[in-house]
Amino acid sequence: MKTGETMETPPAVATGPAPGERLLTLAQIRQAAGVSEVTVWRWTRENGLRVIRCGRFVRCRESDWLAWLTKHTSGGEGGGEAKGKEL
């Protein structure tokens with residue numbers, strides 16, 4: 001790199017979780033919600049449940065799960081199907 005040049009971060013680079021933030025497996029989400037694995041994958045594709053992919057590993061930030069759950073439960077604006085149990 002020459003003097004005066006700056007290194008830009010590519011736009012496709014995802015940010016990881018905040019320090020100390022818990023990452024949940026999709027199995028943990030499935031178990032907490034009391035739904036099938038297929039349903040959790042459908043939530044990621046069609047209902048906006050955000051996940052982080054790193055190779056073959058897929059995780060969800062606990063804050064993203066809780067926000068999604070709030071939005072999609074009867075008390076939220078979505079009124080959806082998620083039940084939600086303690087993790």
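Just so it is clear, none of the values below were taken in a lab; they were calculated from the coordinates. In this text, all values refer to a predicted model and were calculated from it rather than measured experimentally. Every residue, glycine as well, gets a Cβ built from its backbone with ideal geometry; the counts of neighbours run over all protein chains shown.
Here are the numbers for this structure:
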item: Rounded to whole Hz, the Karplus (6.51, -1.76, 1.60) HN-Hα couplings of segment 36-46, x for glycine and proline; result: 7, 4, 4, 5, 5, 5, 5, 4, 6, 7, 10
item: Semi-axes of the equivalent ellipsoid for segment 23-72, Cα gyration tensor, largest first, Å; result: 15, 12, 11
item: Approximate spin-label separation GLU21-SER74, in nm, with each point projected 7 Å along Cα-to-Cβ; result: 3.0
item: Potential lengthening between CYS54 and GLU37 on full extension [0.36 nm per residue; Cα-Cα distance subtracted]; result: 4.2 nm
